[in-house]
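Scroll down for the structure; my scribbles are underneath it.
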Amino acid sequence: MIARPHRLHRAALLVLLGPLALTACTTGPADEPGPDPAKAPSGSVAQVCDKLPEGPAEAPAGAVKIDPAVPGDLAAKTRSSPAGTTFWLAPGTHKLGDDRFDQVNPKAGNVYLGGPKAVLDGRKINQYAFAGNAADVKIQYLTVQGFAAPHDEGVVNHDSADGWVVEHSTLQDNDGAALMAGARQQVRGNCLRRNGQYGMNAYAQDNEITGLLVEGNEISGNNTGDWERKIDGCGCTGGIKFWSVDGADVRGNWVHDNRGAGLWADTNNNDFLIEGNVIENNDSSALLYETSYNAVVRGNTIRRNNWVDGKRYIDRGDSFPVASIYVSESGGEPRVKARTDKLEISGNSFENNWNGVTLWENSDRFCNSPANTSSGSCTRLVPEQGKCAQPAIAAGALNADCRWKTQRVEIHHNRFVLDPAATGCEESCARMAMLANFGTFPEWSPYKGEVVQHAITFAQGNRLYDNTYSGPWSFVAFEPSRVLGFGEWQGAPYRQDQGSRLTRAGGG
């Protein structure tokens, strides 16, 4: 179950917490700008690591007790018990067998409850903790650590079974992804930290994930393996990666200090609500929404993201506006069913990130193009890759629908603050952008030249309005070298950020 690696174009490149929900991000009404970042919470909506509630001190009635002094006790009693059994892991460190494939294979409806300070430790011997295709498994109050899942694979729900609930648990210090995801999965009130590749990899081989909930989790310090450096441009890291997920609510999480992106939706995702999160101090973007559709991104506090990657670009002489929210070949599509037919970014607070929001479309990246780094994938509108070929792609419906389009994006009522005194940077890190490259490849491409540059800038319904900017902001339009002042951005022919205001003074 290998998640397809993805490589960005080199020029561009979610029981509730209750009392543990410490501080909510506050935003104004939908028609008001976002909060003043100076008044944003210093903590988070989900400070849960090392503060999770403990599980039951005694085995609940009818539960099977698991003894930490007996290696393999959990897997053996799971095999010998019927579906729907509740297992209580007594306090202590539980071990599996000494083979790398020794693991727990739950049966449908099983429940795994950790007692106070119960730990399931893979000792860097076992690859997977909980695997198999059984549906509706529940894991609560348990620490899962030290498993050695291979690259692109996961430790808990390894086979992306449906209907799992993982809550009040700590998944830490594992290789690969701490957690995979299946349809109707609920991930609530967990600590997902210091895992080798991802906190969660929402990917199900040959299946689409629907109805995913990620709520009230702390997701921090993931990608300790620094995989982007091991595999140049692999696009295979971050706090959470989403692949072909149709319907996800990602809300009230604290996503911070991940090596790579905080949240990354990549390849044919649709119908996302990303709301009320604190996303901060991630090496790359707070959010990447790539070759995907229809999303609402609102009421989030987004601060100090993208500094590591942003500086890398500048250090190598690349002025491309990598950003705190990076929208790549993604937008609203009314023909794809979702709660919205737009990609709406509103009521968010952006503070001292490396750049604001970039809307990008790679002219050479489309279904059936060799430049499509989502290998073998086609758009949701044209699922058969072979249809996107000459001569049919040259005109009509296929010409429009073989591209993932950055279209129907609305960015409004956000507050963008960049304080040069705090960041030590001005011109290269305070940019908003809407652009594409000059199309050149492949030779038979119908999107050569300025076709896509013109479309994203003027013809695809992308709008910025009623935003507030504080700091030395500039604006990039059409192509990377076209850098505009605020007046030029608001004036003809671009006419963006109507009703917005800009204050040149430093922010905070």
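The values are calculated or read from the model by the stated rules, or taken from the named source; none is laboratory data. None of these values were measured; they are calculated from a predicted model. Glycine gets a Cβ as well: all are built from the backbone with ideal geometry, and neighbour counts include every protein chain shown. For accessibility, only protein heavy atoms count, side chains too; no ligands or nucleic acids. Shrake-Rupley method; radii C 1.70, N 1.55, O 1.52, S 1.80 Å.
Tabulated data for the structure shown
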{"read-out": "Computed over the range 80-181: relative contact order in percent, which uses C-alpha pairs under 8 Å that are six or more apart", "value": "24"}
{"read-out": "Accessible surface, the chain, averaged per residue in Å² (probe 1.4 Å)", "value": "35"}
{"read-out": "Projected area, mean over directions - the range 260-503, Cα convex hull, nm²", "value": "12.2"}
{"read-out": "Violating pairs (Cα-Cα greater than 25 angstrom) within the set Lys95/Lys138; Lys95/Lys117; Lys311/Lys342; Lys241/Lys337; Lys65/Lys241; Lys65/Lys138", "value": "Lys311/Lys342; Lys65/Lys241"}
{"read-out": "Cα gyration tensor category, rounded, prolate or oblate, for the range 252-384 with a/c compared to 1.5", "value": "oblate"}
{"read-out": "Within the accessible area of the range 260-503 (1.4 Å probe), percent carbon and sulfur", "value": "49"}
{"read-out": "Accessible surface, 1.4 Å probe, highest first, among residues Arg482, Arg79, Arg193", "value": "Arg79, Arg482, Arg193"}
{"read-out": "Cα centroid separation - the range 405-440 against the range 275-331, whole Å", "value": "9"}
{"read-out": "Cα-projected label distance for Ile314 with Ala459, points at 7 Å along beta-carbon direction, nm", "value": "3.6"}
{"read-out": "The range 138-180 versus the range 444-508: alpha-carbon centroid distance in Å", "value": "42"}
{"read-out": "Segment Asn207-Lys124, length gained on full extension (0.36 nm per residue, minus Cα span)", "value": "26.9 nm"}
{"read-out": "CD proxy at 222 nm, helix term only [per DSSP H run n ≥ 4: -39500 (n - 2.57); per residue of the chain; nearest 500]", "value": "-1500 deg cm²/dmol"}
